[in-house]
Amino acid sequence: MKKSISILLALSMALSMFTGCNSKDTSNNVVSNGNSMNMYDKVMSKFNGELEQGAVIKVLENDTAIELGYVDKLINAFNEAYKDKGISAERMNVDQYSDLATDGPYGYGPDVWYQANDILMKYADKQHILPLPVEKMDIFKQIPESAWNAYSKKVNGETFYCGIPLNVQSGMLYYIESKLPENWKTEWDINKNDVPDFFETYTALYAYSEEAKKGGKPTKYGYLDETVNTYFMSGYLMSYGAYIFGDNGTNPKDIGLNKGDAYKGAKLIQQWAEQMDNTEILDNTFSSACYQYLADGTMLATITTPDVSSMFIRSMVSTGKWTEEEAKADLKMVSVPRLPVSADLTADKWQDTITDMDKLTIKPTMMGGVNGYGISAYTKIPNASLAFVEFATSYEQTLLRNQMMQVTPVREDVAKEVAKTDKTVGIMFDNLDGGYISIMPAINEIGQIWTPMDSFLIDLSTDPFREKRGEKRMYETDEQIKAGLDKLVTQIRDAIDTLS
């Protein structure tokens, strides 16, 4: 947890506002160098604690929170709590909003916006969201530094915070318990810990997947995934030392997708693509079809984020084989299996990776994101808006949001409470706190990684099948994969330079 934060302020003359977000120096004094103190005072004076009487806070939330009924409960609870204080909130419809950058200056758009960090922080770059006095808030000490980093912005070497993190998302492995092979306890639990070996290491999962392809198992495939999905696949590169941008994702001049032993992660992706017979890897519908594939027994397991568990449950119920309660009990989520140190899924006997796990495997790092609240720079009711954000990120509301939406809170006190009955939350929070979730960079340059990375993953995933078509392979050796990653970084750098 970052206990002390530094302050350096930059104010747009056109908008008369702070470039980044509130920050303190290591001595906990406001940094003052002439006009900087005046800038700070001017911006922070917006948050003087005096609620703007008659204020109606326009709140923009996501579709899922609206659909599941959480937003209405939040709004109603806030309005009840503040009914004697002269302010209230109302939910905006998503179709009422287009773009804060273009509509905000004209008085349109939300006062408070719940969104992923990479989207909110793009607006911070252009000074469309306000700095927040986070160190004064109850939530400040409850959130890990890695989550605050998702809303941080550096200006002239100083760090600012531009939002309040609330929930974290990253990959988890889904499976249906009743689809496990009948002999898993005798044949696939050699360490006798009541956990299927193929959910503990990728080498064991690969071995089971090979057996499933031969037939005679409850599912046609063991594990299926979309190996051209940049969001999830980049985690395998990161597990072996890669990163997207340096300085916690804030330095686009330092592109690290070829750093460390990133080629090992690429090699692992390629092996999975070949094992899955190229199934679905080039089909953009996999992200939606995966729910049915799990329900109908096409696959035993796949990886996606916890917030879509309701989609799996819905697909299970649609088959007529489960009631909703039965589906909820049968659907399981566990950590992404450990990866082989060698990155070769066939080099070691899968049994060895279970009995000598610490030596032969590593804990994976997965890409993730943090959702939270930001406040529009154009709001005329900053104090009322801040009151809403504090209410929405309180212990009680964070707990209710988890209960209704199964999202993982970044508040440590809530996460620990929920983890008593929900192991998934404990796993996710520990991964975040331990640095095993790489938060999606929240700078504009992130937009330049997708096309080059998608192209690289397509070539990598289809490479094992070129020989069958009488073509020469592109990525047959480690050196060829390394060269491909170097080319990928060059393409991203050229795209960023062109954008600049």
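The values are calculated or read from the model by the stated rules, or taken from the named source; none is laboratory data. Since this is a predicted model, take the numbers as computed values, not measurements. So basically every Cβ, Gly included, is an ideal-geometry build from the backbone, and we count neighbours across all protein chains shown. Note: areas computed on protein heavy atoms with side chains; ligands, DNA, RNA excluded. Shrake-Rupley method; radii C 1.70, N 1.55, O 1.52, S 1.80 Å.
Summary of computed values
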quantity: Matching residues in segment 424-443 - criterion: being touching a residue at least 40 places away in the same chain (Cβ under 8 Å) and over 16 Å from Asn248 (Cβ atoms); calculated: Thr424, Ile427, Met428, Phe429, Asn431
quantity: Enumeration of residues in segment 461-480 that are surrounded by 14 or more Cβ atoms within 10 Å (Cβ to Cβ), of a type outside the set (Ser, Thr, Tyr), at pLDDT below 95 and in a helix (DSSP H, G or I); calculated: Asp463, Pro464, Phe465
quantity: Total residues in segment 237-287, condition at pLDDT below 95, part of a helix (DSSP H, G or I), within 20 Å of the chain's Cα centre (by Cα) and not hydroxyl-bearing (Ser, Thr, Tyr); calculated: 5
quantity: Conditions (1) in a helix (DSSP H, G or I); (2) within 19 Å of the chain's Cα centre (by Cα); number of the one not met by Gly435; calculated: (1)
quantity: Qualifying residue in segment 184-194 (condition: basic (Lys, Arg) and over 18 Å from Val334 (Cα atoms)); calculated: no
quantity: Wholly within segment 361-427, helices (runs of 4 or more DSSP H) carrying at least 1 residues that are surrounded by fewer than 18 Cβ atoms within 10 Å (Cβ to Cβ) and in contact with an Asp or Glu (Cβ under 7 Å, 6 or more places away or on another chain); calculated: 382-392, 395-405
quantity: Pairs, first without any contact (Cβ under 8 Å) to a residue 24 or more places away in the chain and more than 10 Å from Pro218 (Cβ to Cβ) in segment 178-190, second of a type in the set (Asp, Glu) and in a loop (DSSP other than H, G, I, E, B), C-beta under 9 Å, six or more apart; calculated: Lys185/Asp194
quantity: Cβ pairs under 8 Å, 6+ apart, first in segment 70-81 and under 14 Å from Ser385 (Cα atoms), second open to solvent by 10 Å² or more (accessible area, probe 1.4 Å) and among the charged types (D, E, K, R); calculated: Ile75/Glu90; Ile75/Arg91
quantity: Matching residues in segment 438-460 - criterion: being under 15 Å from Trp272 (Cα atoms) and either in contact with a Pro (Cβ under 8 Å, 6 or more places away or on another chain) or surrounded by 22 or more Cβ atoms within 10 Å (Cβ to Cβ) (or both); calculated: Leu457, Leu460
quantity: Any chance Gly107 is of a type in the set (Gly, Ala, Ser), at positive phi, surrounded by fewer than 16 Cβ atoms within 10 Å (Cβ to Cβ) and touching a residue at least 24 places away in the same chain (Cβ under 8 Å); calculated: yes
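For every residue, the table says whether it meets (1) crowded, with 24+ Cβ neighbours inside 10 Å; (2) touching a residue at least 24 places away in the same chain (Cβ under 8 Å); (3) touching a strand residue (DSSP E or B) at 6+ places or on another chain (Cβ under 6 Å); (4) among the aromatic types (Phe, Trp, Tyr).
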site: Ala116; (1), (2), (3), (4): no, yes, yes, no
site: Met121; (1), (2), (3), (4): yes, yes, no, no
site: Pro131; (1), (2), (3), (4): yes, yes, yes, no
site: Lys141; (1), (2), (3), (4): no, yes, no, no
